[in-house]
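Have a look at the structure below before the remarks.
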Amino acid sequence: MPRINSPAELEAFREGLLSQRDPNKPCITLCSGSACHASGSAEVGARIEEEVRKQGLSDEVIIRKTGCHGFCERGPIVVIHPEGICYFQVKAEDVPDIISRTIKEKQIVDRLLYEDPDTSEKIIYESEIPFYKNQERLVFGSNGNIDPKSIDDYLAIGGYAALARALEWGPEKVVEEIKKSNLRGRGGGGFPAGRKWEGSRNAPEEIKYVIVNADEGDPGAYMDRSLLEGNPHAILEGLTIGAWAIGSHEGYIYVRQEYPLAVENITIAIEKAEEYGLLGKNILGSGFDFTVKVHRGAGAFVCGESTALMTALEGRAGEPRPKYIRSNIKGLWGKPSVLNNVETWANVPLIINKGADWFTQFGTERSKGTKIFSLVGKITNTGLVEVPMGMTLRDIIYKIGGGIPGGKRFKAVQTGGPSGGCLPEELLDLQVGFDELTQAGSMMGSGGMIVMDEDTCMVDVARYFLDFLTDESCGKCVPCREGMRQMLKILTNITQGKGKEGDIQLLEELAEVTSEASLCALGKSAPNPLLSTLRHFREEYEAHIKEKRCPALSCKELIAYYIDPEKCKACMICLRKCPADAIEGGKKLIHVIDQKKCTKCGTCFESCPPRFSAVRKISGEPVPPPIPEEQRTIAGKSKEK
């Protein structure tokens, strides 16, 4: 591949690529992100290649292994272009049908289509599936159309055109356009990217750095991973534009050790971009030099915080430091450093290509553009969704997520990762934006969104996140280290029925001190799950403390199981499945749970056939006394018979 030495050569090369591509040629795209890979997409991909070759279609069909398509729960996903026919949960044995019927005969394989749960209607085209139809996939949309290992695929959709434009504009105009767009950091802080860039650009030091924060540690969140896996050149292009804007010649991508596919794809992207003259020396003949290195993190959650990440990049233990001076003025090795997360950098080429005015048409007054969320938990459609800022929680959860499965009632949604807050049903019509979520007692965070149903104990949710954060605290400052440890101890006691009067007030005091006095954002935001649950679900705390009762029937120490003698049919299913041998009974004998042996694992409750529903779960009320064996014969069926 000859080096591309100017914007004109780049456009000529792109035109050459497009002239060789027939847009009407059948193209099979297979999701090959980590989630689909775990569901068997590698086997499906190998079978597609084999079947296309076997049926003599190698010259007539394009096979493209893409990044994540978003609808992770339904993977592996195959989309056939140009029609946009979408097949879900494809197995290797389904491939011959897809090739022979859909590719050759232009017929649909009905069993692989999406079925609307409300109407039972089969939906053929990806664009008409509610999960996709209600999104605005500006950043994430290209993931399903390009091979992340192919720079030519990225160039064919307009890749690196924004870089060429930025080099022609000059640094000042680039910074002004980013400022005008009001792009705010997607990593959690929501600080305006343009202002951050401007601060570094105006700093007098000659050496400056740009950094991609791909240390994504929130439970259930994988937005950055999927972008790095599926469209690494978009992040590289955005990073290079940022480097040009502030006068940096060296960049870093700090990525989690647990993301091997993301590391592989971004490494390949860097090598290809250097080969094409889009990275390295004299980029596109502009005289601008810029190199990028990949740094693999050691797995510490605290390294998602900017100063801790920079400390780790410097080769030291990942601990935060006081921000007497912002890191865009004094950051990595004491030099001006612009750090943004993966999604923020991926937005930059869009803004430069289409303009700030185009970008600001999406979103609210103070939160512009779109946001990618990881929609998980008690939700029908789990996966990654990209929506315009300002969409309500209700629309995200019900129109895109499909609502709560099993006929359960919605209880809360936790946004912003482990440091975010839990929002109740009465706030479902809240618009999703940086300021709106903060005012409601939560935060945008990196984009985690965990949905909870009526069976979720909010006290235990607060305990779970405090447990996670206590473990992940670096321990450098006392308010964070000891404040969280004490809050966790009190919350654990409450969920075990050991709560006492005054605990709620003590929790509130500890939360205030921790959030005010902690050194970094981890400690300052750690009390959010506790404070938001206290704010919206205080009655659950009081029930645990005063009545020794868990309203959600979730906390193991506060519940009990017993078998309703009126409903038990002596089917012996629960007896056989109980791992603790805590159930007594036999044929035609009503079963009884020995409360001393019962470990409260819930196996009996889950295994009892729904048509009987004989096993009951209770909290805060006495368990009925066991029935004597001589009275336990099933009604109408005496022992003699």
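The values are calculated or read from the model by the stated rules, or taken from the named source; none is laboratory data. This is a predicted model, so every value here is computed, not measured. Neighbour counts run over all protein chains shown; Cβ positions are idealised from the backbone, glycine included. Protein only, heavy atoms only, side chains kept; ligands, DNA and RNA dropped before computing areas. Shrake-Rupley method; radii C 1.70, N 1.55, O 1.52, S 1.80 Å.
Quick check: from the Cα gyration tensor, does the range 150-224 come out rounded (a/c under 1.5), prolate or oblate? Oblate shape, in that a/c is at least 1.5 and b/c is the bigger or equal ratio. At each listed q (0.09, 0.13, 0.15 Å⁻¹), what is the log10 of I(q)/I(0) that the Debye formula gives for the range 417-546 modelled as equal alpha-carbon point scatterers? These q points yield log10 I(q)/I(0) values of -0.23, -0.50, -0.67. Solvent exposure of Phe140, expressed as accessible area, is near 0 Å², computed with a probe of 1.4 Å over the protein chains only. In a shell of Cβ-Cβ distance under 10 Å around Arg256, excluding Arg256 itself, what net charge do Lys and Arg (+1) and Asp and Glu (-1) give? Every neighbour counted, the sum reads -2.
Here the chain has 48 percent of its accessible surface on carbon and sulfur atoms, given a 1.4 Å probe and all protein chains in place.
Relative to one another, the C-alpha centroids of the range 25-60 and the range 205-260 are positioned 29 Å apart. The count of lysine pairs in the range 84-151 with alpha-carbon distances below 26 Å, taking only pairs 8 or more places apart or on different chains, stands at 9.
For the range 335-435, calculate the relative contact order in percent as a whole number, restricting contacts to Cα pairs under 8 Å that are 6 or more residues apart. Show your work: numbers first, answer last.
On the way: 123 pairs, mean separation 22.5, N = 101.
For the range 335-435, the relative contact order is 22 percent.
In this structure, the amide hydrogen of Glu216, modeled 1.01 Å from its nitrogen in the peptide plane, lies closer than 5 angstrom to those of Arg256, counting only residues at least 5 positions away or on a different chain. Cα gyration tensor of the range 99-208, axes a ≥ b ≥ c as square roots of the eigenvalues: rounded (a/c below 1.5), prolate (a/b > b/c) or oblate? Note, shape of the range 99-208 comes out prolate.
Computed from backbone phi, the HN-Hα couplings of the range 319-334 come to 10, x, 10, x, 9, 5, 10, 4, 5, 6, 9, 9, x, 4, 6, x Hz, rounded to whole numbers (Karplus: 6.51 cos²θ - 1.76 cosθ + 1.60, θ = phi - 60°; Gly and Pro given as x). Distant-in-sequence amide contacts of Ile62, defined by a placed amide H-H separation under 5 Å and a gap of 5 or more residues or a different chain, comprise Cys27, Ile28. Out of all DSSP beta bridges with both ends in the chain, state the antiparallel percent to the nearest 5. Among the beta bridges of the chain, antiparallel pairing accounts for roughly 60 percent.
Sorted from largest to smallest, which semi-axis lengths in Å does the alpha carbon gyration tensor of the range 495-604 give for its equivalent ellipsoid, taking the root of 5 times each eigenvalue?
In descending order, the three semi-axes are 42, 14, 11 Å.
One compactness figure for the range 131-276 is 1.06, namely its Cα radius of gyration divided by 2.2 N^0.38 Å.
Remark on the range 350-404: ratio of C-alpha radius of gyration to 2.2 N^0.38 Å is 1.30. Across the range 612-629, computed HN-Hα scalar couplings (Karplus, 6.51 cos²θ - 1.76 cosθ + 1.60, θ = phi - 60°) run 9, 6, 7, 7, 10, 10, 10, 8, x, 9, x, 6, x, x, x, 7, x, 4 Hz from first to last residue, x flagging Gly and Pro.
Accessible surface calculations at 1.4 Å, restricted to protein heavy atoms, place the range 260-415 at 36 Å² per residue. The Cα center of the range 454-505 and the Cα center of the range 71-104 differ in position by 46 Å.
Restricting attention to the range 438-554, the count of lysine pairs at 8 or more positions apart or across chains with alpha carbons under 15 Å apart stands at 7. Using the Kirkwood radius built from alpha carbon pairs, what does the Stokes-Einstein equation give as D for the chain at 4 °C and 1.567 mPa s, in µm² per second? Calculated translational D: 48 µm²/s. Once you have a ≥ b ≥ c as the square roots of the Cα gyration tensor eigenvalues for the range 425-492, tell me rounded if a/c is under 1.5, and otherwise prolate or oblate according to whether a/b is larger than b/c. Here the range 425-492 falls in the oblate category. In vacuo Debye scattering of the range 1-114, one point per C-alpha: log10 I(q)/I(0) at q = 0.19 Å⁻¹? Taking Cα atoms of the range 1-114 as identical point scatterers yields -0.94. Viscosity 0.890 mPa s, temperature 25 °C: give me the Stokes-Einstein translational D for the range 346-472 in µm²/s, with Rh taken as the Kirkwood radius over C-alpha pairs. Answer from the Stokes-Einstein relation: 161 µm²/s. Straight-line cross-link reach from Lys588 at under 26 Å between alpha-carbon atoms covers these lysines, not counting any fewer than eight positions away in the same chain: Lys567, Lys569, Lys577, Lys596, Lys597, Lys600, Lys617, Lys637, Lys639, Lys641. Can you tell me the relative contact order of the chain? Whole percent, Cα pairs under 8 Å, sequence separation 6 or more. That works out to 11 percent. Overall dimensions of the range 66-153, expressed as equivalent-ellipsoid semi-axes from the Cα gyration tensor (√(5λ), whole Å, largest first), are 21, 18, 11.
Close amide H partners of Tyr252, meaning residues 5 or more places away or on another chain with modelled amide H under 5 Å apart, are Val210, Ile211, Val212, Lys293.
Annotation note: trypsin sites (Lys or Arg not before Pro) in the range 226-294 located in DSSP loop regions with a Cβ neighbour count of at most 15 within 10 Å are Lys281.
In order along the range 407-420, the phi-based Karplus estimate (6.51 cos²θ - 1.76 cosθ + 1.60, θ = phi - 60°) of 3J(HN,Hα) comes to x, 6, 8, 5, 10, 7, 10, 9, 10, x, x, x, 9, x Hz; Gly and Pro are listed as x.
Taken as Cα centroids, the range 371-442 and the range 263-300 sit 36 Å apart, rounded to the nearest whole angstrom. Once the Cα atoms are used to define both axes, helix 193-202 deviates from the longest principal axis of the chain by about 40 degrees.
Counting heavy atoms of the protein chains alone, Val174 has an accessible area of about 0 Å² for a 1.4 Å probe.
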